Amino acid sequence: MMKRVAWLPTLLLLIVTLHTCLSDVESNSTAEALALLNWKASLLSLTNRSVLPSWTVSPGNAQASPCGWFGIHCKGDSVSRINLTSYGVKGTFHAFPFSSLPNLEELDLSINGLFGTIPPQINQLPNLTYLDLSYNQLSGRIPPQIGQLIHLKTLHLVQNLLNGSIPEEIGQLESLEELALQNNYLNGSIPSSLGGWVLKFNFATEKQIPIMENSTQMLKFINLKRVAWLASLLLLVVTLHACLSHAQSNSTAESLALLDWKVNLQSLTNRSVLPSWTISPRNAEASPCSWFGVHCKGDSVYRINLTSYGVKGTLHGFPFSSVPNLEELDLSINGLFGTIPPQINQLSNLTYLDLSYNQLSGKIPPQIGQLIHLRTLHLVQNLLNSSIPEEIGQLKSLEELALQNNYLNGSIPSALVNLANLTNLYMLNNSLSGNIPSEIGNLSSLQELYIDNNQLTGSIPSTFGNLKHLRLLYLSTNSLSGSIPSEFAHMESLNVLALFKNNLSGFIPPSLGNLTDLTILQLYENKLFGPIPEELGNLKLLVFLEVSQNQLNGSIPSSFANLSNLETLFLRDNQLSGPIPQEIGN
């Protein structure tokens, strides 16, 4: 009987201990679930589906387990593996529960939309053997604390935005079999500690392993001469081999970056937003070159044209830094709003930019002046305000500048004189004030100049006479004063001269009769006086002539009989006298 009593305390202790162990398992599992849910709350989706819908716990279940969730694998009741490759999650690592997953052995988050830095707290995953964060948008340095993951066998950080040098601490990863860092922005030298790590392997061959530097693509070698080969070594990938996958990986980075912008867009119509902009979850090397509106040279995006597509959103998620070879960007006639980000200067190869007919507001960023290859800049019909930045004068390749129909104010920058290749300049329908810079007369390539419907004052510069290639000149609906420069006679290519609705005074220069290519002459609603010069009868191509609402006097020139192409003639509200020449009827 005493024997039975003796083992009762032992049995009781066993039951208590077993209960405690089971409770610990349950509570550990619950802690991991709650920690992962906390990270999930910070994530977004790159697709239309919700973020990790299976990652949930019942409100009435105090002992929740993550072991049945998508992408989660457990040993016992503790998470040992997380695999969310290609799932389409977007977010950062800063809420990832490193300290709450002590038994995690494998973490694969490749091919997603992760951004930000890799936190130093990654060293709190002491049992990790496999880590793949490839094909994301992670930036900053590789944390030296990664060297504390002493059980790591595989480390893949391919195709991110990582910079800085490779930390020496990676040499502490004595179990490492695969190291893949290619297609980043890593610089500096290959760590000597990495070489020491390589020499720990037992190679029997006299071969050299090529290593391609990220920043220079200059081939380097680790000399493995006279070192013995270990049979257990499966693979040594210290390959930063941009030479093998450079084009594909660049294309993938551009795809992911453009998809990141797409997530922020909406549609102005009933159709979905850019449905062709998608990648297969199984395709790690995805290309955007077949997407609607995207054009490539080789495997890199050089042109994006979404004009009139009906997208609504901002430019703040646009991947300026991720499309370095972009030459043409046309997003005109859409529903874009907000400001033009200063990061637009990162499109260093841009030659064509059209953001017209949107609802963009704020200032034109001065950084736009750093796009030194730009030939066409169209910002027509937006809500842009403030002054035109002087930095536009740095765009020495510019041929077309169209800023009309905005709320721009201030003076016309004199720096425009630097745009020697400018052929078309449109600044009409703004609130520009001050004088017209005389330097505009030095733009010898200019063919079309529209600065009408502003608040410009002062006289018309006589230097305009230097614009021998100018075909269209619109200075109407301002407050310009003084006389019409006689130097206009030198603009021998002029087809249209519109000076109406100003405060111009003085005589109509007889020298205007030299403009034999003129088809439209509009001088109405000024304060011009004196006779209408006979020389206007030399303008045999003239179709439209209006000099109404001035103070002109004298008779109608008989030379008007030579204007055989004239269709419209307005002379009303002047002080003209005498008969109407019969020849005009012909």
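The values are calculated or read from the model by the stated rules, or taken from the named source; none is laboratory data. These numbers were taken from a predicted model, which means no experiment stands behind them. All Cβ positions, glycine included, derive from the backbone under ideal geometry; neighbour counts span all protein chains shown. These accessible areas exclude ligands, DNA and RNA; they are computed on the full protein's heavy atoms, side chains included. Shrake-Rupley method; radii C 1.70, N 1.55, O 1.52, S 1.80 Å.
Assorted remarks:
- Charge dipole (debye, nearest 20) of the range 322-419; +1 at Cβ of Lys and Arg, -1 at Cβ of Asp and Glu: 220
- Heavy atoms of Glu390: accessible area, 1.4 Å probe, square angstrom to 10: 100
- Shape call, the range 318-419: gyration tensor on alpha carbons, a/c limit 1.5: oblate
- Farthest towards the positive end of the charge dipole of the range 453-586, among the residues Ser486, Phe544, Pro531, is the Cα of Ser486, using unit charges on the Cβ of Lys, Arg, Asp and Glu.
- Calculated FRET value between Ser397 and Lys297, using beta carbons and R₀ = 25 Å, to 0.05: 0.85
- Heavy-atom accessible surface of the range 310-387: percent carbon and sulfur, 1.4 Å: 48
- Cα convex hull volume per residue for the range 442-586 (Å³): 87
- Largest to smallest in accessible area, the residues Val547, Val51 fall in the order Val51, Val547 (1.4 Å probe, all protein chains included).
- Judged by the mean number of other Cβ atoms found within 10 Å, the most tightly packed of the peptides 260-273, 317-330 leads the ranking 317-330, 260-273.
- Average accessible area per residue (Å²) across the range 323-416 - probe 1.4 Å, nucleic acids and ligands excluded: 36
- Whole-number accessible area per residue in Å² for the range 464-586, which is evaluated in the context of all protein chains at 1.4 Å: 44
- Note on the range 430-522: with neighbouring protein chains present and a 1.4 Å probe, carbon and sulfur make up 42 percent of its accessible heavy-atom surface.
- Cα-based shape type of the range 355-514, given that a ≥ b ≥ c are square roots of the gyration tensor eigenvalues and the cut on a/c is 1.5: prolate
- Among the listed pairs Lys90/Lys153; Lys501/Lys527; Lys262/Lys312, those whose Cα-Cα separation exceeds 21 Å are Lys90/Lys153.
- Three-way shape call for the range 66-185 based on the alpha-carbon gyration tensor, with the a/c threshold at 1.5: oblate
- Whichever aspartates and glutamates have a C-alpha closer than 16 Å to that of Lys396, once near sequence neighbours (fewer than 8 apart) are set aside: Glu439
- The range 358-406 and the range 507-586: distance between their alpha carbon centers, rounded to Å: 39
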